[in-house]
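Scroll down for the structure; my scribbles are underneath it.
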Amino acid sequence: MLALSPALILALPSGATAQEAETQTATKTDDIEIIEVSGFRGSLNVALMAKRDAVGSKEVILAEDLGKFPDLNVADSLARVPGIAIEQDAGEGRQISLRGLGATFVKTTINGMESASAGAATDAAGGSNKSRAFDFNVFASELFTQIDINKTLSAELEDGGISGNVNLQTARPFQYQDTKFAYNLNARYNDVAEEVTPRASLMFSQNWDNKFGVLISAAYSEGLVQSEGVTTGRWTVNNPAWAVDGSENKLTAAPVTQLSPKGVYTNENMEGLWLPRLPRYSIFNKQQERLGITAAFQYRPIDDLTLNFDVLYAALDNTMDEFQYSALIRNNVSSQTDIYAENLIVDGNNTIVAGTFSGVPIRSEARQDVSNSTFKQFTLSGDWYLNDRLKMNFLLGVGKSDLDIPYQRTFALDSFDSTFAYSYDSAIDPISLIGQSGTAIGSGSMNVNMPAFAFAPAQAFGSSYSKAELEQLMLNPDLYSLGLVRNRNQQIGSENKNVSLHFTYELNEQYTLKWGLNHRTFNTANVQRDNGWRTLNTETNRTSGEIAEVMVQQLDASRTAGDLYALTLSQAGQYFGNAASVPANSTLSAGSWLTTDYGKVYNAFSNEAFFVAKERYNSTYDIEERVNGAYLQLDFRLELAGRELRGNIGGRYLDNKNTSGIINLDHIYADGYTAGRGEGVNFAGGYDWRYTVSEGKDFLPSLNLAYDITDDLVGRFSLSKAITRPPLSDLASAIKVTRPSSANNDTATIQLGAGPTLRPYEADQLDLGLEWYFDDEALLAVAFFYKDMTGLSRGTRQEVLSAQQLAQLGIDIGDRDPATVTWDVSQLINTPGETVKGLEFIYQQPFTMLPAPFNRFGLQTNLTLIDYEQDVTDPLSREQVTLMAEETSKRTYNATLYYEYEKFSARFSYNFRERYIKEYLNKYRDEGLFGRGIDDKAQLNFSARYKFSETLSFSFEAINLTNAANTQWSDVYTPRPYEYLLTGRQYLVGVRGSF
């Protein structure tokens, strides 16, 4: 029920023909009324009629005209649909959740064919996509003319989406008469990056009397978006009393971070205090280039046969420059670094809200990530009316999605034995604090999003400083040396193939029978490389020394001196503080930020042996999924008590086969990066593969009813069973290992891939809806939905593994005695059903009943309430607790207030998503954390347009007018700040038109 934008073309629902972008006429037969729609309000009206005519719960987004809504990509366009919430990355939508279920549970198709799309993001935003979630930010919204969102399922819809199915439809030439050309040219400005970038789209269509048609469209944009703010890299609890099987343990594994006692601060009074691991200011500077191209050919050799050939190409290239200036208050146990508390201020949750620490390493990082996402899809489809009653539809398609991350490189300057102070309390000045010895643990509160920092690089505690003196120390390159040279890359490739055949037979005016077959295959492969390896002795199969990325610290000081690689933030062409309000009492600002010269470090060390990124063999996988399906569905339109009852009943049968391939780790040496061990020398590349195969069968029944209770009141009822297959990375049999980091840390973790035997999520679903079309173009609706859904959880057991077992898993623990290491071995398992309950409310109306000029306004709004809780095992207490499910917000709502009069139109769009848990983390047992979440997010956008003529309009758009922040927190019990980033506002000014 929404206008998709920016968009090239107006498209009407199936069976209608669009003719002009501003004024459209749809005619099916002589006895159906002619519908004329104009502008944004008109597109809402057409979508409203499509919703009313549907049997199940359905929303439709129509392309109103060329670029009329401030949407940077398709995910942003979907954000206003009832029940949909989006995940953002770098100021724009990336993935969607629907009715409280995460992105994995949404089935996405393009032109009717299942599709996969993988992109990359920051580490905190999820990194590279290895799940079934669809990355919508790969696609410009200009490429599509219609999006259908089916929230209830029928037999004819392909399986895979428990929360619903989303189909993106590109434009086709038979939607337009004769020749059509449309254009949209924009300049885009971000007030943080302070740069102007282009955004443009073009479309050309030629229709020869609905016999043959060609349409080509293209959309291109560049964007420079800077996110800036503060991150903590999680929090950790100080637990010096920890002991094996100790009664005072606050951790279930030996701590990796621990404060050393000094003066009034003892192990006893610091027990249980929480401190940030990596307090730092952060900059994420994302340069983005997006290209999309569609081509469509339609041919009607006879009146009863239409053939369609659709081509879609999309590419999203990102270059992310990251800068971090950090205090490393973490993992000091293994490095045997003493970090002392000199002054501590604590709140009522035992959180150190302000403090001074000595012996702290300071690190200034420069990181660059490059990623290239490409998507290609080719589909041949046809509609053939074999006779007056029998129709056949077919589709042949192939699609390919590739994510190539050629490199992720991080270089850092370190300053050891430093003094550092921070404050999350606006009443406490860290500059004053840095020179004061505490006399006791003080009391304070966490009351700011942007903490103040005071850094004294390479300075022992005991001196007081002015702000200027600290800034001079921070800018002194002689106080730093090169400490980190990290190199990583990754490639993910996916391919879809689809064949489907559908028949529709009209038995009579009341009943229509549908049946069909489909076959699809999906292949995906993942390869990761990094320089996290250690020096290997192949004869003994043992490793030694530090990991390669920090071997630079062992070089002669003349090669790693800070003055060789240091430059200021401004010299690096960067800035800080355009969006984030840096506290006046913080010594870290754009003027005092000394960073690492990325280019100089790369030139100096890129040829070194320790810079080589080697394949991490235990993360490599190759998965194939084959699904054969058949369905039978009966559609009906009946009269009940003098009113129309329409519906469908049917079932879909599925035969599924999964094959998971991983590298045979018997052929990999203990470092995990070297092939050719044992029999591996006999294979190309030094290794063979291990394959696991599983097969499964499912039957998915469905029933959908819609009843016209009155002329204006429609009731809906739906029952169905649905499945969603697990994330692709979970179907791999690969493993992830965290090795014991020191002789004092006797616990380590192994995460086993579940493999292809993992069953899909299954859900029994009920939907009830009531829709009141109380006036022309108006709707007041409520819907209730219920799902009883099985889940997945990570079961954990503790084991002591023998040397032989470790070798089979490709795990190296150096000289440690395997008998001294207790491993937490975890693996995903299927779990019993849990319930999802929710309500949706929709109100939409143009205010034509009001006097002028208020009769030119209209409102579209919706609210979704969700109750979805899961029983989760707390990894620390090992007790089961009931918490909100991952990626589920209890409330989301959207509102659009629009105005249209003659040549001028404008609208405000507001989206709100309540805080939610992103993931339950059970791997930080040596830190004490449980869970990570995202805080409330509200965004306000504005769009206006003035139409000079039929072929020329002027537009202005503003995105994120309130500069809303992306805020993440850690720990479900006492949320503490994890990330606070602002992306600023974006403005687009442009011209558009069609002729």
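For segment 534-549, a residue qualifies if it is surrounded by fewer than 20 Cβ atoms within 10 Å (Cβ to Cβ) and either in contact with a strand residue (DSSP E or B) (Cβ under 6 Å, 6 or more places away or on another chain) or not in a strand (DSSP E or B) (or both), and the qualifying residues are ARG534, THR535, LEU536, THR538, GLU539, THR540, ASN541, SER544, GLY545, GLU546, ILE547. Taken over segment 910-937, residues that are part of a strand (DSSP E or B) and within 17 Å of GLY233 (Cβ to Cβ) amount to 5.
Can you confirm whether segment 189-197 contains a residue that is buried (at least 20 other Cβ atoms within 10 Å of the Cβ), assigned to a loop (DSSP other than H, G, I, E, B) and not polar (S, T, N, Q)? Yes, segment 189-197 contains at least one residue that is buried (at least 20 other Cβ atoms within 10 Å of the Cβ), assigned to a loop (DSSP other than H, G, I, E, B) and not polar (S, T, N, Q).
When ASN894 is tested against (1) within 30 Å of ASN331 (Cα to Cα); (2) out of contact with any Gly (no Cβ under 6 Å at 6 or more places or on another chain), only condition (1) is not met.
The set of residues in segment 174-188 that are surrounded by fewer than 24 Cβ atoms within 10 Å (Cβ to Cβ) and either under 30 Å from GLY516 (Cβ atoms) or of a type in the set (Gly, Ala, Ser) (or both) comprises PHE174, ALA187.
When LYS923, LYS918 are checked against the criterion of being of a type in the set (D, E, K, R) and surrounded by fewer than 19 Cβ atoms within 10 Å (Cβ to Cβ), a single residue qualifies: LYS923.
Can you report the number of residues in segment 950-975 which are aromatic (Phe, Trp, Tyr) and either free of Cβ contacts under 8 Å to residues at least 12 places away in the same chain or farther than 18 Å from ARG915 by Cα (or both)? Before the answer, list the steps.
Here is the first cut: in segment 950-975, the ones aromatic (Phe, Trp, Tyr) are 954, 956, 969, 973.
Next, from what is left, pick out any that are either free of Cβ contacts under 8 Å to residues at least 12 places away in the same chain or farther than 18 Å from ARG915 by Cα (or both): 954, 956.
Selection size over segment 950-975: 2.
Return yes or no: is ARG677 crowded, with 20+ Cβ neighbours inside 10 Å, basic (Lys, Arg) and modelled with pLDDT of 95 or more? No. Whether a residue is in contact with an Asp or Glu (Cβ under 9 Å, 6 or more places away or on another chain), at pLDDT 85 or above, over 26 Å from ASP76 (Cβ atoms) and hydroxyl-bearing (Ser, Thr, Tyr) was assessed, and THR831 does not pass this test. Among SER877, SER889, which is surrounded by fewer than 20 Cβ atoms within 10 Å (Cβ to Cβ), polar (S, T, N, Q) and part of a loop (DSSP other than H, G, I, E, B)? SER877 is the lone residue from the list that is surrounded by fewer than 20 Cβ atoms within 10 Å (Cβ to Cβ), polar (S, T, N, Q) and part of a loop (DSSP other than H, G, I, E, B).
Please verify whether THR560 is closer than 30 Å to SER500 by Cβ, buried (at least 21 other Cβ atoms within 10 Å of the Cβ) and touching a helix residue (DSSP H, G or I) at 6+ places or on another chain (Cβ under 7 Å), treating the condition exactly as stated. Break it down into steps so the answer makes sense when it comes.
On the way: closer than 30 Å to SER500 by Cβ: no; buried (at least 21 other Cβ atoms within 10 Å of the Cβ): yes; touching a helix residue (DSSP H, G or I) at 6+ places or on another chain (Cβ under 7 Å): yes.
The answer is no for THR560.
Looking only at segment 954-965, decide whether some residue is out of contact with any His (no Cβ under 9 Å at 6 or more places or on another chain) and within 22 Å of SER423 (Cα to Cα). Yes, the conditions are met somewhere in segment 954-965. For the residues LEU403, LEU386, the requirement of being in contact (Cβ under 8 Å) with a residue 40 or more places away in the chain, farther than 19 Å from GLN459 by Cα and surrounded by fewer than 22 Cβ atoms within 10 Å (Cβ to Cβ) singles out LEU386. With a requirement of 2 or more residues that are at pLDDT 90 or above and not polar (S, T, N, Q), the strands (runs of 3 or more DSSP E) lying completely within segment 705-772 that satisfy it span 713-724, 761-772.
If you go through segment 536-550 and keep only what is in contact (Cβ under 8 Å) with a residue 60 or more places away in the chain and either closer than 30 Å to ASN498 by Cα or not charged (D, E, K, R) (or both), you end up with LEU536, THR538, ASN541, THR543, SER544, ALA548, VAL550. In segment 553-568, the residues that are more than 24 Å from PHE323 (Cβ to Cβ) reach residues that are crowded, with 16+ Cβ neighbours inside 10 Å and among the hydroxyl-bearing types (Ser, Thr, Tyr) with C-beta atoms within less than 8 angstrom, at least six apart or across chains, in these pairs: ALA557/SER481. Across segment 641-662, the qualifying residues are those that are at pLDDT below 95, in a strand (DSSP E or B) and not charged (D, E, K, R), and the one among them that is surrounded by the fewest Cβ atoms within 10 Å (Cβ to Cβ) is THR659. Based on this model, can you work out whether PHE394 counts as in contact (Cβ under 8 Å) with a residue 40 or more places away in the chain, under 30 Å from ALA630 (Cα atoms) and surrounded by 16 or more Cβ atoms within 10 Å (Cβ to Cβ)? For PHE394, the condition - in contact (Cβ under 8 Å) with a residue 40 or more places away in the chain, under 30 Å from ALA630 (Cα atoms) and surrounded by 16 or more Cβ atoms within 10 Å (Cβ to Cβ) - is met.
Does segment 444-462 hold any residues that are part of a loop (DSSP other than H, G, I, E, B) and free of Cβ contacts under 8 Å to residues at least 40 places away in the same chain, and which are they?
Step one: list which residues in segment 444-462 are part of a loop (DSSP other than H, G, I, E, B), which gives 444-451, 457-462.
Passing the criteria: ASN447, GLY462.
Residues in segment 262-284 that are within 30 Å of GLU228 (Cα to Cα) and hydrophobic (A, V, I, L, M, F, W, C): LEU273, TRP274, LEU275, LEU278, ILE283, PHE284. Might you let me know whether segment 461-468 holds any residue that is more than 25 Å from SER581 (Cβ to Cβ) and crowded, with 19+ Cβ neighbours inside 10 Å? Yes, that holds for at least one residue. Of the residues GLY984, GLY928, GLY993, GLY933, the single one that is under 30 Å from SER326 (Cα atoms), crowded, with 17+ Cβ neighbours inside 10 Å and in contact with a Leu (Cβ under 9 Å, 6 or more places away or on another chain) is GLY928. Residues of segment 266-280 that are in a loop (DSSP other than H, G, I, E, B) and under 21 Å from THR252 (Cβ atoms): ASN267, MET270, GLU271, GLY272, LEU273, ARG277. Whether any residue in segment 339-347 is surrounded by fewer than 20 Cβ atoms within 10 Å (Cβ to Cβ) and at pLDDT below 95 is what I want to check. Among the residues of segment 339-347, not one is surrounded by fewer than 20 Cβ atoms within 10 Å (Cβ to Cβ) and at pLDDT below 95, which makes the answer no.
Which residue is surrounded by the most Cβ atoms within 10 Å (Cβ to Cβ), if the candidates are limited to segment 587-609 and must be in contact with a strand residue (DSSP E or B) (Cβ under 6 Å, 6 or more places away or on another chain), outside any helix (DSSP H, G or I) and of a type in the set (A, V, I, L, M)? Among residues in segment 587-609 that are in contact with a strand residue (DSSP E or B) (Cβ under 6 Å, 6 or more places away or on another chain), outside any helix (DSSP H, G or I) and of a type in the set (A, V, I, L, M), the one surrounded by the most Cβ atoms within 10 Å (Cβ to Cβ) is LEU594.
Scan segment 207-220 for residues that are closer than 23 Å to ALA193 by Cα and in contact with a helix residue (DSSP H, G or I) (Cβ under 9 Å, 6 or more places away or on another chain) and jot them down.
Pass one, segment 207-220, residues closer than 23 Å to ALA193 by Cα: 219-220.
Passing the criteria: only ALA219.
Among the residues of segment 427-441, the one identified as under 25 Å from THR974 (Cα atoms), in contact (Cβ under 8 Å) with a residue 40 or more places away in the chain and surrounded by fewer than 17 Cβ atoms within 10 Å (Cβ to Cβ) is ALA440. Residue under question is ARG280, and the condition is that it be basic (Lys, Arg), crowded, with 21+ Cβ neighbours inside 10 Å and either at pLDDT 95 or above or in contact with an Asp or Glu (Cβ under 7 Å, 6 or more places away or on another chain) (or both); does it hold? Yes, satisfied.
A Cβ distance below 7 Å, combined with a sequence gap of six or more or placement on separate chains, defines the contacts here; from segment 39-51, residues that are modelled with pLDDT under 80 reach residues that are among the polar types (S, T, N, Q) and not in a helix (DSSP H, G or I) in the pairs GLY39/SER905; PHE40/SER905.
The values are calculated or read from the model by the stated rules, or taken from the named source; none is laboratory data. Remember, predicted model here, so these are calculated numbers, not experimental data. Cβ coordinates were reconstructed from backbone atoms using ideal geometry, including for glycine residues, and neighbour counts include every protein chain displayed.
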